[in-house]
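Everything on this sheet refers to the single structure shown next.
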Amino acid sequence: MKDCALVVVDMLYDFIDGSMACKNADEAVRKTLEFIDRKTSDPLEGPDVIQAGFPILFVRDFHPADHCSFTEQGGPWPPHCVQDTHGAEIHTDLAPYASEEFTFFKGYKKDKEQYSGFEGINEAGQSLYDVLDMMEIKNVYVCGIATEYCVLNTCMDLKKAGFTVYLLKDCLAYVDYKGHLASLAQMSKDGIRLTDK
Ligand code: VGL
Ligand code: ZN
């Protein structure tokens, strides 16, 4: 357990019930909370030592209002996860688990799309990789939204960097069901382990 962490990708209101509401989002949040409860129910790793025993890291899409991925700028998506709006916030049931050190922002530069959480940085400027490496994490559980974009890219980058990646397949939401299945097939082929616990 010592070398395990959970990475929660983009469980943010715009992807849950906002401008880019994804399929299965409520269920994915609920199942993620169940997973966290299971992993932290051991009395030796009670809630007050969650971060020490089982670090939970959050990735956040965090766009300026004129981001290049938005349709008004010629991009593919409606405006979403605009900095300092409700849509960019972590779901309220998960937010208590998010600390500043373990929250990584991506897509914050106007001209750059970033689907991978690996490119995200925390307030102190450390990358997701820096922090996982510092804690000597080897096994990374991943859940989040959307399977086909940020989850896929984050998982692939983690795998390339040498982590063993466990994708929580019940804790995912997606833009399109067929795209979700195709992404799962691709990740599985590339050595990412699909798991339901
Ligand atoms: C995402 C589309 C645009 C994601 C982010 O989190 O998967 N998808 N921005
Ligand atoms: Zn985005």
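Within the assembled protein chains, the solvent-accessible surface assigned to GLU119 is about 80 Å², based on a 1.4 Å probe.
Computed from the C-beta positions of SER188 and ASP66 and an R0 of 41 Å, the FRET efficiency is 0.65 to the nearest 0.05. Taking a straight Cα-Cα cut-off under 20 Å and skipping sequence neighbours fewer than 8 places away in the same chain, the aspartates and glutamates within cross-link reach of LYS112 are ASP10, ASP14, ASP61, ASP66, GLU72, ASP84, GLU123, GLU148, ASP157. Full extension of the chain between GLN73 and GLU101 yields a length gain of 6.9 nm, computed as 0.36 nm times the residue separation minus the alpha carbon distance. Once the 1.4 Å probe is applied to the protein heavy atoms, the chain comes out at 46 Å² accessible per residue. Rounded to the nearest 500, what is the 222 nm mean residue ellipticity of the chain from helices alone, with -39500 (n - 2.57) per DSSP H run of 4+ residues and division by all residues? About -7500 deg cm²/dmol. Extension gain for the segment LYS160 to SER19, taken as residue separation times 0.36 nm less the Cα-Cα distance, is 47.6 nm to one decimal. Counting only protein heavy atoms and a probe of 1.4 Å, the accessible surface of segment 4-195 is 50% carbon and sulfur.
Computed over the chain with a Gaussian network model linking Cα atoms closer than 10 Å, the most mobile of ASP111, ASP170, ASP26 is ASP111. Per residue, the convex hull around the alpha carbon atoms of segment 4-195 comes to 108 Å³.
Once the Cβ-Cβ distance of CYS4 and LYS109 is raised to the sixth power relative to R0 = 35 Å, the FRET efficiency obtained is 0.65.
Mind giving me the nanometre distance, one decimal, between the label points for GLU34 and ASP130, set 7 Å out from Cα along Cα→Cβ? Computed distance between label sites GLU34 and ASP130 equals 3.7 nm. Using a Förster radius of 41 Å, what is the FRET efficiency between LYS138 and HIS86 based on their Cβ-Cβ separation? Nearest 0.05, please. That pair, LYS138 with HIS86, gives E of 0.70.
The values are calculated or read from the model by the stated rules, or taken from the named source; none is laboratory data. Worth saying up front: this structure is predicted, and the values here are computed from it rather than measured. Neighbour counts are summed over all protein chains in view; Cβ atoms, including those assigned to glycine, are modelled from backbone coordinates with ideal geometry. Quick note on the areas: whole protein, heavy atoms, side chains included, nothing else; ligands and nucleic acids left out. Shrake-Rupley method; radii C 1.70, N 1.55, O 1.52, S 1.80 Å.
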